[in-house]
Structures are given as C-alpha cells and as structure tokens.
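Since the structure comes first, as structure tokens, the remarks are kept for the end.
The values are calculated or read from the model by the stated rules, or taken from the named source; none is laboratory data. For clarity, every value in this text was computed on a predicted model and none was experimentally measured. Cβ coordinates were reconstructed from backbone atoms using ideal geometry, including for glycine residues, and neighbour counts include every protein chain displayed.
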Amino acid sequence: MMQIRFKKTAVLFIALFSVSSFYSENNLKKEITFPYKLENNCPYKGCKLGKWRALAPIGIYHNMNDKKKSEFYLKKGESFTAIEASLIVEKPGIVRIIRPFENYKIGDEILLIGYKGEGYFTAIFNNIISDKLLIVSRYNQNIKIEQIWTMYWWVKIKRESGQIGWLKLKNQTMNGFKINEKIKDASVF
C-alpha cells in the first residue's frame, strides 16, 4: 500500500515560509476556482509513474473524472503501467492565522492544494499559487486548521493487454498521502 507517514512530533501543518515566496515570476495571480487540477502531479515524495502492481482487485474508470462505476477491474497481482497523473483538489485545506507571525496577520487565510512530501505543501495566499515548498508544523500555535481538503489522484494506466483506463485514488489524510487502494509501484516490488 502506498502511504507516507511522519513522526508525530515533526511535521503536519503551516509555519516556516515567508509571504515573499508567493511573489515570484513563476506565480501568476488569477482567480482560482475549485475543483482545481494540478496536472502531471505526484502527491508524495518518491512518487513515480511506471510499473505498478495491484495487490487486490481495483476498479478502473474509462475517463478521468468519470462519475459512473468502474469500466473494468485490475486483478490481484496484475501488473500495469502508470502513464500520467493529475491531482484534482475538490476542496482545499484551509488554515487561518490566529496570531501574527512573519508577514502574516490575524485572519489571513492560506489554502493548501497539494502535498509535496515531508510536510511540504503547495499553497494559495491572496489568490496567488506558490510552487515553493513550505514546511508546516503541528506545534505552530499561530494557525488554526479550519478545513480538511478533499483530493483525488487520477492516474492513467495501461494494462499489459494494451487496455487504457484511469485509477481514482482518494487521499485519506492531511499529514501525507495515504490511499485505501492496495497497489505498489516499481520502487517497492
């Protein structure tokens, strides 16, 4: 099972980055709406596409964002290739500043939209997306977690038979990336 866990005393939410990291040439100010798509995105450190294996039957969808039931199933033990992946954030994680620190003031809202690994997130502040990694700490007394995110990782796969479809993997945690589907990537075969 793919999963990332962290020491309970170490990493969890927002703290050690400066507002100036949001204002760079790579960050465009635009209206951000949800669901929000992060294309070609791996949601955890060490994540990679390529050869994977199903450790239990898994439903596969015909297209990304399909609402209907699975088109076909991978069998337990079946190998397949993960070709591409996108993270769909249906609802962002929200943290609110409750005590001023760094360049933040009381009431500032930061949206968490992507997990990068080891407590680092992609975030939105003042409607600007930061591709900068930011460290977050459960012991930061300056923030309050107001909303847990809802995100799905859609992975385009190809079976050895050539059949193509999409895995829909729902993140089950805010402190890392954990899914219920039982799969392994080639790095852990």
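Things worth noting here:
- Filtered residues of region 39-93 (kept if farther than 12 Å from I157 by Cα, assigned to a loop (DSSP other than H, G, I, E, B) and hydrophobic (A, V, I, L, M, F, W, C)): C42, C47, L55, A56
- Top-ranked residue of region 105-123 - restricted to ones that are surrounded by fewer than 19 Cβ atoms within 10 Å (Cβ to Cβ) and not in a loop (DSSP other than H, G, I, E, B), ranked as modelled with the lowest pLDDT: G117
- In region 49-68, the condition of being surrounded by 18 or more Cβ atoms within 10 Å (Cβ to Cβ), at pLDDT 90 or above and over 22 Å from Q163 (Cβ atoms) is met by no residue.
- Under the condition of being hydrophobic (A, V, I, L, M, F, W, C) and at pLDDT below 80, the residues counted in region 125-178 number 6.
- Against the test of being under 15 Å from T122 (Cα atoms) and among the hydroxyl-bearing types (S, T, Y), the options Y36, Y104 yield a single qualifying residue, Y36.
- Meets criteria (touching a Ser or Thr at 6+ places or on another chain (Cβ under 7 Å) and modelled with pLDDT of 90 or more) for G46: no
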